[in-house]
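Student: The structure's right below; bear with me while I get my questions together.
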Amino acid sequence: MSGRVIDFGTGEPIENVRIYVRDGFTGSGPILDNDDIGDNEALTYTDKNGEFDVSIKAENNPVLYPSKSSEYWNYNDGELVQSGEIYTRGEDNENIEIILKGKAYLNFRAESLGEQADSIKWLAYLEYPSLFFRQQSHGKSFNREMTFAYGNSYYTYDFSYKRNGAWTSILDSIYIPLGETRGDTIYY
């Protein structure tokens, strides 16, 4: 297996990504802890160009686990595949492109300039238009702290408030660099 690991937000190569390959299992499903798993494994790291080359003698379908846990979220986080990618035994898998999403966080706050309490809706998107998070509240302020985001990318959100029976919506975004916590406050 050979390929390249890049950053989701920038498209730039990522150096020193751990590429662990384990002899997989005979099936094609996501359950990796069963009796059909082979014993062989291989380990390498990406070079300064994000490239890797690794070989394994697999009895079953090998599974490639890319990781750089201190800076990046688990690969395929939230998908059925458990942080790995399954390949067919016996094939040369070349020019594999692996995309890792960097860790970042967002502290979002909204504060009413008036004294009245409002109905508030906050919708957050990571890969617009896929909905990531939704929250509703009632009051003069709104706080959402340490919401995870993808680093080196824009974090889009839709903030709406209801005042005097009418809804007003603010659609905006904030760029969050890799590994940072960004705060954004809207005064309405």
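The values are calculated or read from the model by the stated rules, or taken from the named source; none is laboratory data. These numbers come from a predicted model, not from an experiment. FYI the Cβ positions are ideal-geometry reconstructions off the backbone, even for glycines, and counts take in every protein chain you see. Side chains are part of the model used for accessible areas, which takes the heavy atoms of the whole protein and leaves out ligands, DNA and RNA. Shrake-Rupley method; radii C 1.70, N 1.55, O 1.52, S 1.80 Å.
Student: Name the residue that is nearest to the chain's Cα centre (by Cα), counting only residues in the range 159-184 that are part of a strand (DSSP E or B) and among the charged types (D, E, K, R). Spell out the reasoning first.
Tutor: Of the range 159-184, the ones part of a strand (DSSP E or B) are 159-163, 166-176, 181-184.
When the remaining residues are screened for being among the charged types (D, E, K, R), the result is 162-163, 172, 182, 184.
Details: 162: 32, 163: 35, 172: 20, 182: 16, 184: 20 Å.
Within the range 159-184, the match that is nearest to the chain's Cα centre (by Cα) is 182.
Student: Looking only at residues in the range 133-147 that are within 30 Å of residue 74 (Cα to Cα) and surrounded by fewer than 19 Cβ atoms within 10 Å (Cβ to Cβ), which one is farthest from the chain's Cα centre (by Cα)?
Tutor: First pass over the range 133-147, keeping only residues within 30 Å of residue 74 (Cα to Cα): 133-136, 142-147.
Still in the list and also surrounded by fewer than 19 Cβ atoms within 10 Å (Cβ to Cβ): 133-136, 143-146.
On the way: 133: 14, 134: 18, 135: 20, 136: 24, 143: 22, 144: 19, 145: 18, 146: 15 Å.
Looking at the filtered set, the residue picked out is 136.
Student: Another question, then. So how many residues does the range 140-158 have that are within 24 Å of residue 115 (Cβ to Cβ) and not in a strand (DSSP E or B)?
Tutor: Of the residues in the range 140-158, 1 are within 24 Å of residue 115 (Cβ to Cβ) and not in a strand (DSSP E or B).
Student: Which condition does residue 74 not pass, out of (1) assigned to a strand (DSSP E or B); (2) modelled with pLDDT under 90; (3) surrounded by 13 or more Cβ atoms within 10 Å (Cβ to Cβ), if it passes all the others?
Tutor: With (1) assigned to a strand (DSSP E or B); (2) modelled with pLDDT under 90; (3) surrounded by 13 or more Cβ atoms within 10 Å (Cβ to Cβ) applied to residue 74, the lone miss is (1).
Student: In the range 1-55, which residue that is among the hydroxyl-bearing types (Ser, Thr, Tyr) and either at pLDDT below 95 or under 20 Å from the mean Cα position of the chain (by Cα) (or both) is surrounded by the fewest Cβ atoms within 10 Å (Cβ to Cβ)? Full working, then the answer.
Tutor: Quick first cut of the range 1-55, residues among the hydroxyl-bearing types (Ser, Thr, Tyr) only: 2, 10, 20, 26, 28, 44-46, 55.
Narrowing further to those that are either at pLDDT below 95 or under 20 Å from the mean Cα position of the chain (by Cα) (or both): 10, 20, 26, 28, 46, 55.
Numbers: 10: 14, 20: 17, 26: 13, 28: 9, 46: 23, 55: 12.
Taking the candidates together, the pick is 28.
Student: A further question follows. Could you look through the range 166-184, keep only residues that are within 18 Å of residue 112 (Cβ to Cβ) and modelled with pLDDT of 85 or more, and pick out the one that is surrounded by the fewest Cβ atoms within 10 Å (Cβ to Cβ)?
Tutor: Here the residue is 166.
Student: Just to verify a result, which residue in the range 57-71, among those that are outside any strand (DSSP E or B) and not basic (Lys, Arg), is most open to solvent (accessible area, probe 1.4 Å)? First the steps, then the outcome.
Tutor: From the range 57-71, those outside any strand (DSSP E or B) are 57-60, 68-71; that's our starting set.
Subsequent filtering for residues that are not basic (Lys, Arg) retains 58-60, 69-71.
Values: 58: 24, 59: 128, 60: 19, 69: 78, 70: 96, 71: 69 Å².
Checking each candidate, the answer is 59.
Student: Continuing with this model, one more query. Restricting to the range 91-136, and then to whatever is assigned to a strand (DSSP E or B), at pLDDT 75 or above and of a type in the set (D, E, K, R), can you tell me which residue is nearest to residue 59 (Cα to Cα)? Full working, then the answer.
Tutor: Step one: of the range 91-136, the residues assigned to a strand (DSSP E or B) are 96-100, 102-111, 118-127, 130-136.
From the residues that got through so far, the ones that are at pLDDT 75 or above too are 96-100, 102-111, 118-123.
Keeping just the survivors that are of a type in the set (D, E, K, R) gives 97, 103, 109, 111, 118, 121.
On the way: 97: 24, 103: 35, 109: 53, 111: 59, 118: 62, 121: 52 Å.
Per the stated criteria, the residue is 97.
Student: Within the range 148-165, take every residue that is over 30 Å from residue 68 (Cβ atoms) and among the aromatic types (Phe, Trp, Tyr) and give me the one that is least open to solvent (accessible area, probe 1.4 Å). Steps first, please.
Tutor: Filtering the range 148-165 down to residues over 30 Å from residue 68 (Cβ atoms) leaves 158-165.
If we keep only those that are among the aromatic types (Phe, Trp, Tyr) too, we end up with 159, 161.
Working: 159: 0, 161: 32 Å².
My answer is 159.
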